[in-house]
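Asker: Here you go, one structure.
Read-outs throughout are calculated quantities, based only on the coordinates presented, and are distinct from any laboratory measurement. Fair warning: this is a prediction, and the values are worked out from it, not measured in the lab. Don't worry about glycine lacking a Cβ; one is built from the backbone with ideal geometry, like all the others, and counts go over all protein chains shown.
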Ligand code: 1PR
């Protein structure tokens, strides 16, 4: 029997993935989107299941709800006792207001404000570190609390949410419980009004991960991006199973492992460099220091061909099934302009998002561009929007970030508000903007030879060819083709200030080398920025992942490409190694059954 599920669409983020997740749970569900008051009124009497997803900027989201006159109908709908589920900013909207945009009033179901996570969390500071904000990655729920203040009975869940599985969070602001008094006040309110609460912790900061009262349910994490464990939450909501008992197969296996400072698991990302090969097919390729061509013999003649390692969607699906925590697609020849309707990654994303329920990042060509077909300028935000609508959760900006940073320094760090980084993060949130950095080591005889911050090389065997004892990492654009008078650190600092939410830090010197990550470069960047840093380039075996996660600077995620594509190791093998040999906390939901 078909049932229709309604999703409120106020043009905020990746709704495609949510609707794909619902269809994946049961193909008989039909999805209808509601964009405005008249559509709400048209369907109102038929709606039995209403979802309210949101990502990005709180103010933008709340403003859209009010502008579309949706707050009244949403309130009436919830009061009528029909099932409602908010996700991420769709949870946040029900609080009073957010520090993110204090001028916009929320829907005020809970008398609490939202605050930004603190970089200077004492748990991190005591260890000489800063806490990365946004909170990005897989975390668990620490407590499930009933209205009477007691914990949920062992084995009972809240719409499938339990305290063992890991869920995908991506946010800078949260309903943070500021102190013991605030928690007591919240629990008193819960008791008087019948609320169930799920608490989670990021470092020492405790926040609400989910809230529920009767037919009203909302999660801060993204169930549609939390693998099978997340799909179960969505399924239980759709099937009205408010307090299902947890079966053995509903939980992930977590033997004795570490507890990380922030509570997040060690995040493993599989990256696919995608381009059109000489036969016109879109393929996954992989270079060695960015050279993706290999010599092959054809009819006795030697030819240079683009290395073909497989089909993008097929490989991405394989890595998802192996347990990848995120998938990144990079369109490595995007500097060639293509008509907007033909952006090759759109199709890849649409297909991938049908079966992959972890975050998807897409990079390559995110900038203001001229559509060669229409000669019209298409803004970077518009291109990002197309990708989000096709299933992407984040966009990664490479070459354009370099130009933006050069202009930023040339203009005494004045923010124009018009760059791709600023416009995309203002609408979709900082967590949606990743900066992909392609640096190359440059040796320097003396720090006074450059205005960039240099690294002193301590190991004499690593001195430069002329005995240079200093270096900095010089950034490149257009896939390493163009070198700029700018350091990787200076680039990252500029982009962080402009509103980037994460850094994908490649290293041309290590790319495809299988010799391990560039620890020197990673340390320099990670110790100077406050946003998450993803280590990339050089992973050749599971030990390299262990090594990078053991670094004192606290790397947030590690990305691998070649070792997965060549079939040397699966993502699962890397994770099992980290769990069993290094006692590291990783997400493994291969025994959770939908
Ligand atoms: O500049 O915004 O159009 O984005 C283009 C994107 O494409 C950038 O993110 C840039 O890094 C990437 N790119 C461009 N050319 C290449 C190339 O290889 N010829 N790939 C390229 C960069 C880096 C990682 C790689 C890791 C790990 N690839 O994606 O997967 O280095 O590899 P490994 O584990 O095998 O060592 P824009």
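Asker: For region 324-475, just the Cα atoms, rotate onto the principal axes and tell me the three extents in Å, largest first.
Answerer: Cα extents, longest axis first: 52, 39, 28 Å.
Asker: Any idea how far apart residue 483 and residue 154 come out in nm if each label point goes 7 Å out from Cα toward Cβ?
Answerer: 6.4 nm
Asker: In degrees, nearest 10, range 0 to 90: what is the angle between the Cα axis of helix 380-389 and the longest Cα principal axis of the chain?
Answerer: On a 0 to 90 degree scale, this one is about 60.
Asker: Sorted by mean Cβ packing within 10 Å, highest first, what order do the peptides 379-392, 249-262, 157-170, 108-121 take?
Answerer: Most protected by this proxy first, the peptides run 157-170, 379-392, 108-121, 249-262.
Asker: While we're on this one: How big is region 477-526 on each of its three principal axes, counting only the C-alpha atoms and giving the largest first in Å?
Answerer: The Cα atoms of region 477-526 stretch 33, 24, 17 Å along their principal axes.
Asker: Starting from the Kirkwood Rh over alpha-carbon pairs, what translational D in µm² s⁻¹ does the chain have by Stokes-Einstein at 25 °C and 0.890 mPa s?
Answerer: 99 µm²/s
Asker: Bins of 5 Å, beginning at zero and ending with the bin holding the largest distance: percent of Cα pairs per bin for region 254-398, please.
Answerer: With 5 Å bins starting at 0, P(r) equals 2, 9, 17, 19, 17, 14, 10, 7, 4, 2, 1, 0.
Asker: Can you compute the helix-only [θ] at 222 nm over the chain? Use -39500 (n - 2.57) per DSSP H run of at least 4 residues, normalise by all residues, nearest 500 deg cm²/dmol.
Answerer: For the chain, the value works out to -8000 deg cm²/dmol.
Asker: Hey, what angle do you get for helix 571-580 against the long axis of the chain, alpha-carbon based, 0 to 90 degrees rounded to 10?
Answerer: That works out to roughly 80 degrees.
Asker: Answer rounded, prolate or oblate for region 1-111, using the Cα gyration tensor with square roots of eigenvalues a ≥ b ≥ c: rounded when a/c is under 1.5, else prolate when a/b is larger than b/c, else oblate.
Answerer: On the way: a/c = 1.98, a/b = 1.52, b/c = 1.30.
Taking the square roots of the gyration eigenvalues as a ≥ b ≥ c, region 1-111 is prolate.
Asker: May I pose another question? How big is the C-alpha Rg of region 290-365 next to the rule-of-thumb value 2.2 N^0.38 Å, as a ratio?
Answerer: Output field value: 1.33.
Asker: Further, regarding this structure: When DSSP assigns beta bridges and you keep just the ones with both residues in region 78-169, what percent turn out antiparallel, to the nearest 5?
Answerer: If we restrict to bridges inside region 78-169, about 60 percent are antiparallel.
Asker: Calculate the length of the line joining the C-alpha centroid of region 43-76 to that of region 373-431, in whole Å.
Answerer: Centre-to-centre (Cα) distance: 27 Å.
Asker: Which of rounded, prolate, oblate describes region 47-184, given a ≥ b ≥ c as roots of the alpha-carbon gyration tensor eigenvalues and a/c under 1.5 marking rounded, otherwise prolate only if a/b is larger than b/c?
Answerer: On the way: a/c = 1.84, a/b = 1.23, b/c = 1.50.
Taking the square roots of the gyration eigenvalues as a ≥ b ≥ c, region 47-184 is oblate.
Asker: Now a separate question. From a point 7 Å beyond the Cα of residue 33 in the direction of its Cβ, which residues of region 370-385 have a backbone N at a distance under 18 Å?
Answerer: What the label zone holds, given the 18 Å backbone N cut-off, is 381-385.
Asker: How much space per residue, in cubic angstrom, does the convex hull of the C-alpha atoms of region 448-542 take up?
Answerer: Dividing the Cα hull volume of region 448-542 by its residue count gives 129 Å³.
Asker: Restricting to the chain, compute how many DSSP beta bridges are antiparallel as a %, nearest 5.
Answerer: The answer is about 50 percent antiparallel.
Asker: Run a plain Debye calculation on region 116-239 (Cα atoms as equal point scatterers, no solvent) and give log10 I(q)/I(0) at q = 0.23 Å⁻¹, rounded to two decimals, same order as the q list.
Answerer: Relative scattering, expressed as log10 I(q)/I(0), comes to -1.40.
Asker: Quickly work out the residue 305-to-residue 445 label distance, labels modelled 7 Å from Cα along the C-beta direction, and quote it in nm with one decimal.
Answerer: 4.8 nm
Asker: If we sort 199-211, 444-456, 491-503, 305-317 on the protection proxy, mean other Cβ atoms within 10 Å, highest first, what's the order?
Answerer: 491-503, 199-211, 305-317, 444-456
Asker: Right, next: Helix 227-238 versus the longest principal axis of the chain: what angle, 0 to 90°, nearest 10, using Cα atoms?
Answerer: 20 degrees
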